[in-house]
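As structure tokens, the structure follows; a few thoughts come after it.
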Amino acid sequence: MEKFFKRSVLSALVVGIVAGSALTVVPSAEASGFFEDSSINGALNVWMRDRTRGDVDANGNDTSKVPNLDHGSLYLSVDFNSGYVADTVGLDLNVYSTFDLWQNASPDHEMNFWGVDNPYDMEPTNRSGCDSAWDSGCNDNGAAFQTAAFKFKFGDAVTAKLGYFQPSVPTAMGVNWSFAAGTYTGGEIGANLGNLALGLVVADEYRAPWFKDSYEFRTGTGSSAEDAGTAYSLGGRYTFDNGLLLDAAYAALTDGDRKNAHVKVKYTTADGWYLSPQLYVVDDDNQYDSTAYQLAFISAKSYGQYSVRAEATYTAADSSDTRGNVGNMAYRLTEVYGGSNGAYDIWWNNRSDFNHDGELGFFGSVARDFSDLGAQGFSAGVNGVYAFGAKSDQAGIDELVEYSGSAFLNYAIQGGALKGANFGMYYTYYVNDSNAGNWAPYSNAFQDETDLKVTLTIPFSVK
């Protein structure tokens, strides 16, 4: 079977010729919408991070923390969104460039390009010039595209994309994020039929935003992982007349065993409580002894200047690992991180994913907007997580009990040369109370950490 990428490129060339011809043959009033309705925007982002991580010694005692991430990175992005030729065909383009001002620890910090080929082989590229994927200098300053896709609309009901894109229709397929989004190679089509929205997504390659080159989907991890073919997803959202939304989607691979599905219910009560019970499912015989799943509950409400969140998850992920490692569940079509991603709503920003087999996690957050006190644009808050319940069969290994707390502030600059820019600080203190080392036997857990992130985002508009 020919690679879907080749078919996509051929189709894109055909569409490009048609679109280019349309600019010359359709009436000027119809063709001019391509440029007149277009926009060009971008942002310069600064990201500084200082993360330290501990471990345990042979007796299970905590060791001193050492630098894990220590870098300052610049991130520039430019986004072009066209109007439509004949109210039918348009083009979306986004390019971004990254550069490390300093980099003194692990190179996989995600805010610059990691100087390796893909998340499976992790072979240093000729561009990076490094000897090992884990050399602190194995980064690759440069540029890449986030989006390069033709977009279509057919009346008010049907839309489509073709090229390098991020899914926008109902789907189980999502993307990784840094200051840019991950990129699928393929296409999508969506239909809006009153209260019902439907989506089909098909892709044969993916690229997380910290890699420069796209790669195929594979089953398993490491260089021995096998090609899993083309990814596809079917999804739908139905909004009832009372505002309750039901979101369901399924995704799979043509040559791989892995399958994903989710069901989400979303509703806002009359007094303003947002409530969302959710179910995520991953079936993968290579990774799990039985179908893995995660139950989640999300709630949020605003009280004047205050915003509160209360959330919880429970994970079942029985590992097939014969070494006795405790499994974890990540909602994506590939086992390896960065190989793809799923349409996952949980984001606690407290370091751990809190997603091991048998683990129950609770999250709470309170934030305040201080504009009523004359501090326009300033907000701050605290949040935290407590999780427990994952247990190892290995003798002498404690139950995984992990907890963390974070404090954060944001300031939207109100005047001067940086008016419209946003400054943020986010500090997390994370504790792993078990005597397990990093990554084993708890397969997605590490030891105690501190993590400071400082960001500055400066948006701009050309048109």
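Out of S224, S178, one residue alone is of a type in the set (S, T, N, Q) and either crowded, with 19+ Cβ neighbours inside 10 Å or touching a residue at least 24 places away in the same chain (Cβ under 8 Å) (or both). It is S178. Counting only residues that are among the charged types (D, E, K, R) and surrounded by 20 or more Cβ atoms within 10 Å (Cβ to Cβ), segment 143-169 holds 2 of them. Does K151 count as in contact (Cβ under 8 Å) with a residue 60 or more places away in the chain, of a type outside the set (G, A, S) and more than 25 Å from N126 (Cβ to Cβ)? Yes, satisfied.
Entry remark, segment 399-416: residues being part of a loop (DSSP other than H, G, I, E, B) and either surrounded by 14 or more Cβ atoms within 10 Å (Cβ to Cβ) or among the aliphatic types (A, V, I, L, M) (or both) number 2 in total.
Of a type in the set (D, E, K, R) and in a loop (DSSP other than H, G, I, E, B), is that true of D213? Against the criterion (of a type in the set (D, E, K, R) and in a loop (DSSP other than H, G, I, E, B)), D213 qualifies. Look at (1) farther than 19 Å from R309 by Cβ; (2) modelled with pLDDT of 95 or more; (3) surrounded by fewer than 19 Cβ atoms within 10 Å (Cβ to Cβ) and you find that K463 fails only one, number (2).
On the stretch given as segment 222-247, residues that are in contact with a Leu (Cβ under 9 Å, 6 or more places away or on another chain) and hydrophobic (A, V, I, L, M, F, W, C) total 4.
Among the residues of segment 319-364, write down those that are modelled with pLDDT under 95 and assigned to a loop (DSSP other than H, G, I, E, B). Don't jump to the end; show me each part of the working.
Of segment 319-364, the ones modelled with pLDDT under 95 are 319-325.
Those that are modelled with pLDDT under 95 and assigned to a loop (DSSP other than H, G, I, E, B): S320, D321, T322, R323, G324, N325.
Taking S392, is it within 20 Å of A316 (Cα to Cα), in contact (Cβ under 8 Å) with a residue 60 or more places away in the chain and either among the β-branched types (V, I, T) or surrounded by 15 or more Cβ atoms within 10 Å (Cβ to Cβ) (or both)? So S392 passes the test.
Filtering segment 176-202 to residues that are of a type outside the set (V, I, T) and within 19 Å of A144 (Cα to Cα) leaves N176, W177, S178, F179, A180, A181, G182, Y184, G186.
Would you say T254 is free of Cβ contacts under 8 Å to residues at least 12 places away in the same chain and farther than 16 Å from T313 by Cβ? No, not satisfied.
In segment 78-106, the residues that are over 24 Å from K153 (Cα atoms) reach residues that are modelled with pLDDT of 95 or more and of a type in the set (D, E) with C-beta atoms within less than 8 angstrom, at least six apart or across chains, in these pairs: W102/D70; Q103/D70; N104/D70; A105/D70. Tell me, please, whether a residue that is at pLDDT 95 or above, more than 30 Å from N325 (Cα to Cα) and among the polar types (S, T, N, Q) can be found in segment 387-408. Scanning segment 387-408 turns up no residue that is at pLDDT 95 or above, more than 30 Å from N325 (Cα to Cα) and among the polar types (S, T, N, Q).
Considering A445, A375, the condition of being free of Cβ contacts under 8 Å to residues at least 24 places away in the same chain and farther than 30 Å from V78 by Cα is satisfied by A375 alone.
Any chance segment 151-169 includes a residue that's assigned to a loop (DSSP other than H, G, I, E, B) and on the phi > 0 side of the Ramachandran plot? Please lay out each step first, then the result.
Residues of segment 151-169 assigned to a loop (DSSP other than H, G, I, E, B): 155-157, 166-169.
Then drop every residue that is not on the phi > 0 side of the Ramachandran plot, which leaves 155.
So far as segment 151-169 goes, yes, one or more of its residues are assigned to a loop (DSSP other than H, G, I, E, B) and on the phi > 0 side of the Ramachandran plot.
The values are calculated or read from the model by the stated rules, or taken from the named source; none is laboratory data. Fair warning: this is a prediction, and the values are worked out from it, not measured in the lab. Cβ coordinates were reconstructed from backbone atoms using ideal geometry, including for glycine residues, and neighbour counts include every protein chain displayed.
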